[in-house]
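Only one structure is covered here, and it is reproduced in the block below.
The values are calculated or read from the model by the stated rules, or taken from the named source; none is laboratory data. Remember, it's a predicted structure, so these values are computed and weren't measured experimentally. As a convention, Cβ positions derive from the backbone with ideal geometry for all residues, glycine included, and neighbour counts pool all protein chains shown. What goes into the accessible areas is simple: the full protein's heavy atoms, side chains included, and nothing from ligands, DNA or RNA. Shrake-Rupley method; radii C 1.70, N 1.55, O 1.52, S 1.80 Å.
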Amino acid sequence: MAGAYWSIVEDDRQGAPKKVMAEVLGEASRLAGAAGAQAEAVWLTDKATPEGLKQLGEWGAKRVWLFENAAFAPYRAEVWTPVVAELAGKETPQAIFAPVTTRQREFMARLAARLGAGLSADSTVMTAEGGKLVATRPVYAGKLLAKMTWAKTPWMATLRPNVFRPGDGGGAATVEKPAASIPTETMKLVERKQEASTGLPELTEAEIVVSGGRGLKGPENFVILEELAKVMGAAVGASRAAVDAGWRPHRFQIGQTGRTISPKLYLGFGISGAIQHLAGMRTSKVICAINKDPEAPIFKIADYGIVGDLFEVAPLLTKEFKQLLEK
Ligand SMILES: Cc1cc2nc3c(=O)[nH]c(=O)nc-3n(C[C@H](O)[C@H](O)[C@H](O)COP(=O)(O)OP(=O)(O)OC[C@H]3O[C@@H](n4cnc5c(N)ncnc54)[C@H](O)[C@@H]3O)c2cc1C
């Protein structure tokens, strides 16, 4: 439908949309509803399950544009971009949103370039003002918040996870399967290595993140944080100092050159709070810092601070949370 608010689906590669799509579709539905338009999802996948399609409707999509073909997985921007650009050319959506994930960051930038449209990356607030959409996004490592709007449609934006209200209470979405001319690939997948699962939630989607820095003194000590994370149902992240030391893989790094997170609760252990680290976590709802140095900069932005030795504090917290949560 012309003027619709699209959400590009990020899925779990098993036929279901990721939880973060509830937030993207929730925001798209809210804005579309206020503008008398509808929210629609665009899903490129090699397999879509009926449950996954139902879920998109419940989160607010009135229609799902489903491109289901083996060529769409694994994701390659060169294959996805012309397909979605062609549909956008025909359907003229008012807006196109996607969550901030590794592939959507790349895909949305390419799609914006193809459509000659503007992109607000990593948006944290979206408001309709006088018939225009205005996005707020952190700039200069989160030191400033910039407000921006678009000169032309589609208004394109990636939305930061854990910031927007999830959509619910929607109904069944109609499913359209448009024909797609799939471009010949110029890149070939040579090998795919599946990372071993930690059994903990995904870092950017987790509601609670327990993070460790150089204060942990070695890779073997991350187990202390993993125990706490298991009890709290949290993900474990790290500072760049810990990643550069080879204690954690780069995908766990939080900050300017790592992941951006916005959990309900962030617990930082032995992290000083350098500006580049804050850039990746300062929009967390509640920040708790554990550091033995009372002058550590992280205490300036923390809601709660514990001045103490993390090797004493972390096991105590694990014990207390275990008792509390098991009740
Ligand atoms: C271009 C650029 C990009 C960068 N990108 C990132 C990024 O994405 N993410 C990132 O994190 N950093 C990034 N950095 C690095 C950043 O500037 C800091 O060097 C880094 O964040 C420091 O990590 P840290 O806090 O773990 O270590 P440190 O600054 O060394 O802090 C360790 C803290 O642990 C405390 N401590 C020590 N022992 C204990 C204990 N037993 N109990 C409790 N507390 C203890 C100390 O008091 C100290 O505050 C970037 C830097 C540059 C220049």
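Some observations on this one:
- Cα-based shape type of region 200-274, given that a ≥ b ≥ c are square roots of the gyration tensor eigenvalues and the cut on a/c is 1.5: oblate
- For region 42-121: rounded, prolate or oblate by the Cα gyration tensor [a/c cutoff 1.5]: prolate
- For region 1-55 versus region 214-275, the spacing of their alpha-carbon centroids is 31 Å.
- C-alpha long axis of helix 310-326 to longest principal axis of the chain, angle in °: 60
- Amide hydrogen neighbours beyond the local backbone of D11, cut-off 5 Å, H modeled: K18
- Cα principal axis extents for region 53-200, largest first, Å: 44, 37, 35
- Amide H contacts for V286 (H built 1.01 Å from N in the peptide plane; partners 5 or more residues away or on another chain; cut-off under 5 Å): L265, Y266.
- Entries in K292/K319; K18/K319; K152/K177 that, when Cα-Cα distance is taken, lie over 24 Å: K18/K319; K152/K177
- Highest-MSF residue in the chain out of K300, K47, K18 [GNM, Cα springs under 10 Å]: K300
- Cα→Cβ-extended label distance, 7 Å offset, between T186 and T149, nm: 3.7
- For region 232-327, the spread of Cα coordinates along the three principal axes comes to 39, 28, 26 Å, biggest extent given first.
- Per-residue Karplus couplings for region 106-113, computed as 6.51 cos²θ - 1.76 cosθ + 1.60 with θ equal to phi - 60°, are listed in order as 6, 4, 5, 5, 5, 5, 4, 5 Hz, Gly and Pro entered as x.
- C-alpha long axis of helix 222-232 to longest principal axis of the chain, angle in °: 60
- Surface share of carbon and sulfur [accessible, 1.4 angstrom probe, percent] for region 75-173: 55
- Largest-first principal axis extents of the Cα set of the chain (Å): 60, 47, 42
- Using θ = phi - 60° in the Karplus curve 6.51 cos²θ - 1.76 cosθ + 1.60, the 3J(HN,Hα) couplings for region 240-256 round to 5, 4, 5, 6, 4, 6, x, 7, 9, x, 4, 5, 9, 6, 9, x, 3 Hz; x is entered for Gly and Pro.
- Interchain or long-range residues, amide H under 5 Å from A117's placed H: none
- Whole-number Å³ per residue for the convex hull built on Cα positions in region 132-250: 259
- Against the rule of thumb 2.2 N^0.38 Å, how large the Cα Rg of region 98-182 comes out: 1.25
- Accessible surface for region 1-74, divided over its residues, is 35 Å² per residue with a 1.4 Å probe.
- Under the Karplus curve 6.51 cos²θ - 1.76 cosθ + 1.60, θ = phi - 60°, whole-Hz ³J(HN,Hα) for region 2-15, x wherever Gly or Pro sits: 4, x, 6, 9, 8, 10, 7, 7, 9, 10, 8, 6, 10, x
- For a straight C-alpha distance cut-off of 17 angstrom, the lysines reachable from K147 (same-chain residues fewer than eight places away being disregarded) are K132.
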